[in-house]
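Colleague: Starting off with a structure, shown below.
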Amino acid sequence: MRMRSKGTLSKLLVVVGLLVGGLFAVPSQASAATVCSNTDGSYLSRDVRNSAGELIATLWWHGTTTGKGCYVLRAAKWEGTPHYMLLRICNYDYSRCSGEDAGIYSSYAGPIYFDPVCTNARVIVHSPSGSVAFDKRIAAGPCE
């Protein structure tokens, strides 16, 4: 029987621990950049609140080195619980829109990459029970 050295076994346990820990970690609001590729460090966020004023999601915009914006709708109130989310990005006058990312998600919808800087978003968020918590168009990019 061949035995691994203590250093190799320790490294293996650290890697396994990181992999398993990553499977159960809940992404934070600030980690929205991790789902966007080629970010350039610029970002902004917009709160998505229901009619009672509760924060239910955050819309993140990240600049990228390709010139396109990366948009992510990150769950807040029901983070970790499956619920319907829709994100569609359009230019400022809604004459051109991206595809949409919609479905039953636990963490976020997106990323969506779109090239105009001045954009608006169509955002829909349902509660886990299926009731509409938010259904509006909001400013999404770095200019309003």
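The values are calculated or read from the model by the stated rules, or taken from the named source; none is laboratory data. Here the structure is a predicted model, which means the values were calculated and not measured. Reconstructed Cβ throughout: ideal geometry from the backbone, glycine too, with neighbour counts over all protein chains shown.
Quick grid of which residues meet (1) closer than 17 Å to Tyr113 by Cβ; (2) buried (at least 19 other Cβ atoms within 10 Å of the Cβ):
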position	(1), (2)
Trp61	yes, yes
Thr65	yes, no
Gly69	yes, yes
Arg74	yes, yes
Trp78	no, yes
Arg88	yes, yes
Asp93	no, no
Cys97	yes, no
Asp101	yes, yes
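Colleague: Arg137 passes all but one of (1) out of contact with any Pro (no Cβ under 8 Å at 6 or more places or on another chain); (2) buried (at least 22 other Cβ atoms within 10 Å of the Cβ); (3) charged (D, E, K, R); which number fails?
Modeller: Answer for Arg137: the failing condition is (2).
Colleague: Which ones in region 102-143 are part of a loop (DSSP other than H, G, I, E, B), modelled with pLDDT under 95 and more than 14 Å from the chain's Cα centre (by Cα)?
Modeller: Result: Asp115, Pro116, Val117, Cys118, Gly141, Pro142, Cys143.
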